[in-house]
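Okay, structure first, notes after.
None of the figures in this text is laboratory data; all of them are computed from the coordinates on show. Keep in mind that this is a model prediction, so the values were computed, not measured. Positions of Cβ are generated from backbone atoms using ideal geometry, with glycine treated the same way; all protein chains shown enter the neighbour counts.
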Amino acid sequence: MGVESASGQASPIERLRAFFLASVEDETAIEAANVYLTSLPGEAAPEIRAYGAIFEIMRARHAFWPVRKMHHLNAGLPVLDALVTDHPDHLEIRYLRLMACYYLPRLLGRGWSVEADLLALAELLPGAARAYPAGLYREMVRFVVDSEVVSEEQRHGLRNALAASERAGGVTTGPAAGGY
């Protein structure tokens, strides 16, 4: 599951990204991800905790009863909100919260976080191409560019950053490298 790092082993973040993608369609990926999360040694980094929260939120996607859906949302969203408060410039945490809230019904009142995350990502993404896998970076940029929240100037900057990244071959480095 996921792309292997140079050492031949998928990093924790690569594995969690793969679990997240799988969890969209496959509820069993959530439990597998939670088992994996509990196997990680030491105190979890902020992005690891964000994935723990997103898996709780993904339980809401798969729950049948509205009360269960709300239970899972109410368990996961405050964790993501706190992580964004503590790490406002952490691009992946912002993106996870955006993905968690973007498709929620308006009556849940999460428009404020969607707008805040889109605007923050519009500022953060142009300088982050080399920190993320090419496919993930491309999807993040395209999602933000397609939103109605960002300005035309920000769209232009994002498109230029994406084009430069693609010309460079989507080279990725650092601990965030991994596949989508």
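Considering only the stretch 41-93, how many residues are hydrophobic (A, V, I, L, M, F, W, C) and touching a residue at least 60 places away in the same chain (Cβ under 8 Å)? Total satisfying the criteria: 0. Does the stretch 11-25 contain at least one residue that is out of contact with any strand residue (DSSP E or B) (no Cβ under 7 Å at 6 or more places or on another chain), more than 27 Å from residue 104 (Cα to Cα), part of a helix (DSSP H, G or I) and not acidic (Asp, Glu)? Yes: the stretch 11-25 contains one or more residues that are out of contact with any strand residue (DSSP E or B) (no Cβ under 7 Å at 6 or more places or on another chain), more than 27 Å from residue 104 (Cα to Cα), part of a helix (DSSP H, G or I) and not acidic (Asp, Glu). Scanning the stretch 62-75 for residues that are over 15 Å from residue 98 (Cα atoms) and either in a helix (DSSP H, G or I) or touching a strand residue (DSSP E or B) at 6+ places or on another chain (Cβ under 8 Å) (or both) yields 62, 66, 67, 68, 69, 70, 71, 72, 74, 75.
Is it true that residue 103 is closer than 24 Å to residue 139 by Cβ and loosely packed, with under 13 Cβ neighbours inside 10 Å?
Yes.
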